[in-house]
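K.L.:
I have a structure I would like to understand better, so I am pasting it below and will then ask my questions one at a time.
Coordinate-derived values only; no laboratory data. All figures in this text were calculated on a predicted structure; none of them were measured in a lab. Don't worry about glycine lacking a Cβ; one is built from the backbone with ideal geometry, like all the others, and counts go over all protein chains shown.
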Amino acid sequence: MFNKILIANRGEIALRIIRACKELGIATVAVFSEADVDSLHVQLADEAICIGRPPSSESYLKIDRIISAAEISDVDAIHPGYGFLAENAHFAEVCASCRIKFIGPSPDAIRAMGDKNAAREQARKAGVPICPGSDGEVATEDEGLKIAKRIGYPVMIKAIAGGGGRGMRAVHNDGSLVQGFHAARIEAEKAFGNGGVYIEKLIECPHHIEFQILGDSHGRLVHLGERDCSIQRRNQKIVEECPSPLMDKNLRKEMGDCSVRLAESVEYENAGTIEYLVDKNGHFYFMEMNTRIQVEHPVTEEVYGCDLVKEQILIASGAHLSDHVANAQPRSHAIECRINAEDPDKDFQPSPGMIDLYYAPGGRGVRVDSHIYSKYTISPYYDSMISKLICVGSTRSSATRRMARALGEYLITGIKTTIPFQRKIMRHADFVRGDFDTGFVEKILDPKPLEMKQ
Amino acid sequence: MFKRQPNISSYPNKETGPLELKDIKAIIDLMKKNDLAVFKLEKEGMKIELEAHRHPVPLVATQPVVQSAPAAAQVATPSSTPASPPVEPKAKYKEVVSPMVGTFYRAPSPDSAPYVQVGQDITADTVQGVIAEVLAENGTPVQFGQPLFRVK
C-alpha cells in the first residue's frame with residue numbers, strides 16, 4: 001500500500017481524494033496555485049506545495065513542477081482527479097519514469113481510447129455498435145445519397161473541420177440531402193476554409209448514457225451500471241442520475257457486456273467510463289471513453305454501495321478488486337446536481353467573487369461534495385463548478401423530491417449560483433416523469449423551438 | 001477529452017478589465033512613494049481597493065510562506081475578483097523568490113563555496129544590490145514563489 005499520495009488537482013475532487021486517503025491511512029500532499037491559497041484542499045492535506053501562478057497553464061498543467069513537488073515530498077503515487085492532466089498519456093509516462101505510480105490506466109490505454117477515431121475503430125473491432133456513417137469525407141452528392149440510403153434517414157451532414165454547429169445540416173430525404181450537402185459545404189468553406197463534409201446517422205432525441213468500468217491489474221474487469229447524463233446545457237452535464245429511467249434489465253446487460261468487452265480489448269486497468277447515445281427505441285451507439293474518474297461518480301457510489309476513489313487507489317497499489325464491488329447490485333436511486341457559480345438569468349455567465357454565507361443542506365440521503373465555505377473567494381481562473389449535491393432515495397420519485405427539498409435548503413449568498421435553475425428542473429413535469437432527452441435544457445430555457453417543430 | 005478543463009480565456013481578468021495592469025502598478029508606486037496603506041476608488045461600473053500589508057500572512061502550517069515579488073493587492077471589478085495573495089511592500093529590501101518547485105542548493109557541491117554570500121554585490125537583469133539575507137536553508141525543498149534572498 002502507498003504511504004503518501006500527491007493530488008494533482010484542485011477543488012472538490014482534490015478534497016474527495018484527500019478524504020479517501022485519510023480513510024485509508026495514507027498521507028496526502030496538495031499542490032496549489034497562488035489563487036488557491038485559501039482553498040480547502042490546501043488546508044486539509046498533510047502537506048501543501050505552491051506550484052505556480054493562477055492560470056492552470058502555469059500551475060495545474062505544469063508537469064515538471066508537479067513532478068518536482070512529488071519528488072521533494074517523496075510520494076509513492078499521484079492521483080490526477082479529472083480534467084487537467086488526468087487523460088494525458090505523456091504525464092502518465094513521466095510519472096512511471098520517475099517511479100511514481102499514476103493512479104489510472106496505462107499510457108497505452110489512455111492513447112488507445114483518447115483519440116476519437118482510434119477509439120471508434122477499437123469499438124468496431126470489439127463488436128460495439130458505433131454510429132453508422134461515412135468513412136471520412138464525402139466528396140460528391142451521389143456518394144452522399146448512397147451512404148444515406150445504406151444507413152437510413154434522417155442523417156446529419158457535418159463539417160470535417162467543424163464545431164459550434166456551423167456546417168451542420170439535418171436532412172430527412174433525398175431532396176433535402178442534395179440541397180443540404182451543397183449548403184453545408186459552402187458554409188464549412190466560409191467558416192473553416194475547408195469545405196469537406198461527412199455524413200452520420202442522426203440519432204433523434206437521444207439519451208446520453210455512460211457505463212462505469214472498474215478493472216484491476218489481475219485481469220478482473222466489471223461494470224457498475226449506467227448513469228444517465230442527458231440533462232446538459234451546451235454539452236456540459238448539469239444533472240446526472242443512476243439508474244437511467246430509460247434502462248431495463250436486458251438493455252443494461254447488453255450495454256454492460258459491450259462496455260466490458262471494449263475495456264478488456266485494451267486491457268483496461270482502474271476506473272473508466274464508456275459513453276453512448278441511446279435512442280428512444282433502445283438502439284445504442286458508442287461515443288467515447290473517458291479514461292479517468294468522472295465528476296458524476298458519486299451517483300454510482302450511492303447506488304452500488306462502494307467507494308470508487310478508494311477502489312482506484314487500492315487497484316493502483318496492486319490489490320484485487322474488492323468482492324463487495326465486483327458483486328455490487330443497484331439498490332436505490334441517486335441524482336446529482338452540479339452547482340455552478342453562474343448566473344442563470346444572464347445566460348449562465350460566470351459569477352466569481354466572495355461567498356458571504358454558506359449553509360449546506362443535510363438530513364437523510366443527502367451528500368454534498370464541495371470545497372467552498374463562508375468567506376471563500378471563487379477564483380475566475382478555473383471551472384465554475386463549486387459543489388455537487390447528491391440525493392439518494394429508494395425510488396426515483398423519492399430521490400427527486402429529496403433533491404428538490406435539499407436544493408431549497410442550500411444557502412450560498414454573495415454570488416450567483418445555478419441552484420434556482422436546478423430547482424426548476426426538479427419541479428419540471430417532464431423530468432419528474434423521467435421523460436427527457438439531451439434537448440431537455442434547451443427546451444425549458446427557450447420553449448419556442450418546440451412549438452415550431454415540424 | 002478534457003471536458004472539465006477550465007477555460008481561462010473566457011473569464012475576465014485584470015489585464016483585460018477596464019483598468020489596465022500598468023495603471024494599477026502606477027497607483028501602487030504612488031502609494032509606496034507617499035507611504036499610503038489603503039487606496040480606494042469607485043466609479044461607474046468599476047471599483048478598486050488596494051491595501052499594503054506590512055507583514056506576510058502565513059498560509060499553511062507545514063510549508064513556508066509564499067509571496068509574489070511585486071506589490072499587488074485586491075482588485076475588484078464588477079465581473080472579476082482575482083485572488084492574489086497579500087504581499088509585503090519592500091521599501092528597503094527586494095526579495096528574490098523561487099521561480100520553480102525543487103531543492104534549493106547554495107553551492108554546486110557540498111565542498112564548494114556558495115554561489116553568493118551575504119554582503120556580496122549582485123547584478124542581474126531584474127535585481128541589483130547587496131545580498132542582505134539568505135532566507136532558505138541549503139539543501140531544503142522550496143515551493144514556487146518562496147523567498148530565497150533578501151537584497152538591499
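K.L.:
Got a sec to turn the phi values of region A:200-207 into Karplus ³J(HN,Hα) couplings, 6.51 cos²θ - 1.76 cosθ + 1.60 with θ = phi - 60°, whole Hz, x for Gly and Pro?
P.N.:
Those phi angles translate into 9, 5, 8, 9, 7, 6, x, 9 Hz.
K.L.:
Same structure again: What pairs in A:Lys201/A:Lys237; A:Lys22/A:Lys443; A:Lys375/A:Lys443; A:Lys116/A:Lys443; B:Lys40/B:Lys152 have C-alpha atoms more than 32 Å from each other?
P.N.:
Where the Cα-Cα span goes over 32 Å, the pairs concerned are A:Lys22/A:Lys443; A:Lys375/A:Lys443.
K.L.:
Along the three principal axes, how long is chain A when you take its alpha carbons, biggest first, rounded to the nearest angstrom?
P.N.:
Ordered largest first, chain A gives principal extents of 66, 48, 45 Å.
K.L.:
Evaluate the distance, in nm, between pseudo-label points positioned 7 Å from the Cα of B:Glu137 and of A:Arg261 along their respective Cα→Cβ axes.
P.N.:
Each label point lies 7 Å from its Cα, and together they span 6.1 nm.
K.L.:
Between rounded, prolate and oblate, where does region B:92-152 land on the alpha carbon gyration tensor, with a ≥ b ≥ c its root eigenvalues, rounded for a/c under 1.5, else prolate if a/b exceeds b/c?
P.N.:
Values: a/c = 1.93, a/b = 1.19, b/c = 1.62.
Judged from the Cα gyration tensor, region B:92-152 comes out oblate (a/c at least 1.5, b/c at or above a/b).
K.L.:
Mind checking A:287-295 for the average number of partner chain beta-carbons within 10 Å of each residue's beta-carbon?
P.N.:
2
K.L.:
Evaluate the Debye formula for region A:207-451 with equal point scatterers sitting on the alpha carbons, no solvent, and hand back log10 of I(q)/I(0) at q = 0.10, 0.13, 0.14, 0.15 Å⁻¹, in q order, two decimals.
P.N.:
Values, matching the q order: -0.49, -0.83, -0.95, -1.08.
K.L.:
Also, quick follow-up: Using only C-alpha positions, report the orientation-averaged shadow area of the convex hull of region A:210-306, nm², one decimal.
P.N.:
6.1
K.L.:
Using the eigenvalues of the Cα gyration tensor, what equivalent ellipsoid semi-axes result for region A:141-201 when each is taken as the square root of five times the eigenvalue, whole Å, largest first?
P.N.:
On the way: eigenvalues 72, 21, 17 Å².
Listed largest to smallest, the semi-axes of region A:141-201 are 19, 10, 9 Å.
K.L.:
Okay, next question. Apply the Karplus curve 6.51 cos²θ - 1.76 cosθ + 1.60, θ = phi - 60°, to the phi angles in region A:3-13 and return the couplings in whole Hz, x for Gly and Pro.
P.N.:
Per residue, the Karplus-derived 3J(HN,Hα) values read 8, 8, 10, 9, 9, 8, 6, 9, x, 5, 6 Hz.
K.L.:
Restricting to DSSP H runs of at least four residues, report the calculated mean residue ellipticity at 222 nm for chain A, -39500 (n - 2.57) per run over all residues, nearest 500 deg cm²/dmol.
P.N.:
-10500 deg cm²/dmol
K.L.:
Enter the mean number of other protein chain beta carbons within 10 Å of the beta carbon of each residue in B:119-128, as an integer.
P.N.:
Working: counts 0, 0, 0, 0, 0, 0, 0, 0, 0, 0.
The per-residue average across the peptide is 0.
K.L.:
If Rh is defined by the Kirkwood formula over all Cα pairs and Rg also comes from Cα, what ratio Rg/Rh do you get for region A:47-121?
P.N.:
Computed over Cα atoms, the ratio is 1.01.
K.L.:
Moving on to the next point. What list of ³J(HN,Hα) couplings, whole Hz, do you get for region A:276-288 from phi and the Karplus terms 6.51, -1.76, 1.60, once you set θ to phi - 60° and write x for glycine and proline?
P.N.:
10, 9, 10, 7, 5, 8, x, 7, 10, 9, 5, 9, 6
K.L.:
Could you work out the mean count of beta carbons from other protein chains within 10 Å of each residue's beta carbon in A:58-67? Mind showing how you got there, number by number?
P.N.:
Details: counts 2, 1, 2, 3, 3, 0, 3, 5, 1, 1.
Partner Cβ neighbours, averaged per residue: 2.
K.L.:
With a/c under 1.5 counting as rounded, go ahead and sort region A:345-454 into rounded, prolate or oblate using the C-alpha gyration tensor (a ≥ b ≥ c being the square roots of the eigenvalues; past the cut-off, prolate if a/b is larger than b/c, else oblate).
P.N.:
Taking the square roots of the gyration eigenvalues as a ≥ b ≥ c, region A:345-454 is oblate.
K.L.:
If you don't mind, another one. With an 8 Å Cα cut-off and a minimum separation of 6 or more residues, compute the relative contact order for chain A in percent.
P.N.:
Numbers: 963 pairs, mean separation 63.2, N = 454.
Result for chain A is 14 percent.
K.L.:
Can you work out D for region A:1-107 in µm² s⁻¹ from Stokes-Einstein, where Rh is the Kirkwood radius over C-alpha pairs, the temperature is 10 °C and the viscosity is 1.306 mPa s?
P.N.:
119
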